[in-house]
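Note sheet for the following structure.
The values are calculated or read from the model by the stated rules, or taken from the named source; none is laboratory data. Just so we're clear, the structure is a prediction, and the values are computed from it rather than from any experiment. Cβ: placed from backbone, ideal geometry, glycine included. Neighbour counts: every protein chain shown.
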């Protein structure tokens, strides 16, 4: 009984503490810092989504920045129309457009904008995933194809000045109003912060139950030995497509939450480098540990904002070293290392480990890092 | 008709540069199953090598116009980029053996560091390399269409490199060892091939070729710290399309990507053309998932 309680606490206490800290953040952070934390929490949401597909599914998507930006652009289109009132958005006017393009028109409805912002990235991921996984492309091929897509779409968005705002992106969203309140007002900013915390919690729980369910075990099995699972009769294409689409939708949700808090979205959030940086957040925190994705995203981004303002060159070197060090020296990441350490301690003290399937699954997640597993190429 | 010939020429020119870049990627991928994200930065290293030779070496060997410095820069870039690549294999990639996705991330870290190093040494703005006098102008094919000598030189350079690589791979003892390790690493090791040495040497040859590509690119455009990133994604596509079976697969894939990119860009816009090429490659993988040529192996 006490063992059960212990393992329950071990599983949920870190998450509850983290959520508690985040909910209480307005008490100890200034408005500026709170807004910054809110932005970083949207990054944490993308990281959880990437951890789902990479940490548990072994598919290293280098396109999460693209899905994030597609979501962000979708919601930014609504906000821009809202901010512009009766006129067409300013960048269209500057590019010589007289009328609103037809595909912009439906985005004046917030419901449509949010639905499209989530569904379009999920659909893109689903269709791309279907064709990639159907031809059994895996491993690094999947990574470089998603990266190529990200690069091309970001170049394309820059080229379509009249429809996407080009290099500047969609700017000046601060004038928009939500339910009669200005986006810049403290109330709206605080509510978006809390909204982000709640959605981060929900996304975490969703992914947690997904990976601890039977579905999650099939996913991890596919990561570790794809052929064996195929011989056992599982349809891996649909499983992988589903997970890829879900992770894209999660990134898109993060984008929707990002835009109103930052007030701008541009192709600089979309390209190759932003997409691969998401990977490093997860790697630093510990892949295959959803909590690690959150912690990694927060740590790396706080590190960036601390260093890059004063020493941008050093930050670039540090970032490079982080990529190398996190895979070479600490493949388990922060949370993974702590879990390994805790496991070793509990074994040493002779407290018998609980033999529930969940505990076994957690051990599996900690013990076997995805990329060390065989069956990948 | 003239426009078509010019486009075909441009396509072959682009394809030959892509080929030079992708050969190293394909060799490393076939041998070790890793994709080197820093491969583009070795192009950049080679290009800056040309710049350094132009500013430092040229005055001693007859000046910029004569172009001896340029001919010297090609082997120098090959050696320097090759040594740097071998160093990277020995210190980093070797330790990530069997973890291809981790290798991808670690090499991306190397790419960031190399880019920043170039920025620290040469500054962030682009620099220009002026080509030797005998490479200015072009070859008139009779109807007023001018094929620039620079691009003809690049194509000729690539032809020489590919022939040399063919003899290395298929006619030398080292090449035989390389192919043996590529087909079955354990068996080759058991028979006495030092597979680790083969890895380091092959990786170095690959990055060295990227360095040569960099010198060639210095002829046709400005050089900046992020030069490599413009070509690397196309080079990845060449590897995906060509498969890792043979030299021929990479050659065909590079020319195919080069020519179809230029033609599709002509009929649409530059980015739409590239998107179409990517979609065509994904469609092609439905038919032949292993690429144009697949390695026959029982391992």
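Laid out as a table, the results:
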read-out	value
Filter result for residue A:171 (modelled with pLDDT of 85 or more and more than 14 Å from chain B (Cβ to nearest Cβ))	yes
Boolean, residue A:115 is surrounded by 18 or more Cβ atoms within 10 Å (Cβ to Cβ) and within 30 Å of residue A:238 (Cα to Cα)	no
Members of the stretch A:78-102 that are touching a residue at least 24 places away in the same chain (Cβ under 8 Å) and either in contact with a strand residue (DSSP E or B) (Cβ under 7 Å, 6 or more places away or on another chain) or in a loop (DSSP other than H, G, I, E, B) (or both)	A:80, A:82, A:89, A:95, A:96, A:97, A:101
From the options B:228, B:214, residue that is under 30 Å from residue B:118 (Cβ atoms), assigned to a helix (DSSP H, G or I) and at pLDDT 90 or above	B:214
Entirely in the stretch B:1-104, the helices (runs of 4 or more DSSP H) that have 3 or more residues that are more than 19 Å from the chain's Cα centre (by Cα)	B:2-32, B:63-66, B:68-91
Residue match in the stretch B:285-297 (condition: buried (at least 23 other Cβ atoms within 10 Å of the Cβ), within 19 Å of the chain's Cα centre (by Cα) and away from chain A (no Cβ under 14 Å))	no
Answer from A:332, A:297 - the residue that is touching a helix residue (DSSP H, G or I) at 6+ places or on another chain (Cβ under 7 Å), under 17 Å from residue A:47 (Cβ atoms) and either at pLDDT below 90 or within 13 Å of chain B (Cβ to nearest Cβ) (or both)	A:332
Count of residues meeting criterion [buried (at least 19 other Cβ atoms within 10 Å of the Cβ), farther than 11 Å from residue B:204 by Cβ and either within 14 Å of chain A (Cβ to nearest Cβ) or at pLDDT below 90 (or both)] in the stretch B:65-105	10
Residue within the stretch A:62-82 that is more than 26 Å from the chain's Cα centre (by Cα) and buried (at least 17 other Cβ atoms within 10 Å of the Cβ) present	yes
Among (1) within 17 Å of residue A:117 (Cβ to Cβ); (2) modelled with pLDDT under 95; (3) part of a helix (DSSP H, G or I), the one test that residue A:33 misses	(1)
Criterion (more than 10 Å from chain B (Cβ to nearest Cβ) and either buried (at least 21 other Cβ atoms within 10 Å of the Cβ) or part of a loop (DSSP other than H, G, I, E, B) (or both)) met by exactly one of A:162, A:125	A:125
Residue check for residue B:33: within 14 Å of chain A (Cβ to nearest Cβ), in contact (Cβ under 8 Å) with a residue 40 or more places away in the chain and at positive phi	yes
Per-region count, the stretch B:119-147, residues farther than 16 Å from residue A:315 by Cβ, within 14 Å of chain A (Cβ to nearest Cβ) and in contact with a helix residue (DSSP H, G or I) (Cβ under 7 Å, 6 or more places away or on another chain)	1
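So that you can scan it fast, the table gives a plain yes or no per residue for (1) within 12 Å of another protein chain (Cβ to nearest Cβ); (2) over 22 Å from residue B:183 (Cα atoms); (3) touching a residue at least 12 places away in the same chain (Cβ under 8 Å); (4) surrounded by fewer than 17 Cβ atoms within 10 Å (Cβ to Cβ):
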| site | (1), (2), (3), (4) |
| --- | --- |
| B:211 | no, yes, yes, no |
| B:247 | no, no, yes, no |
| B:251 | no, no, yes, no |
| B:281 | yes, yes, yes, no |
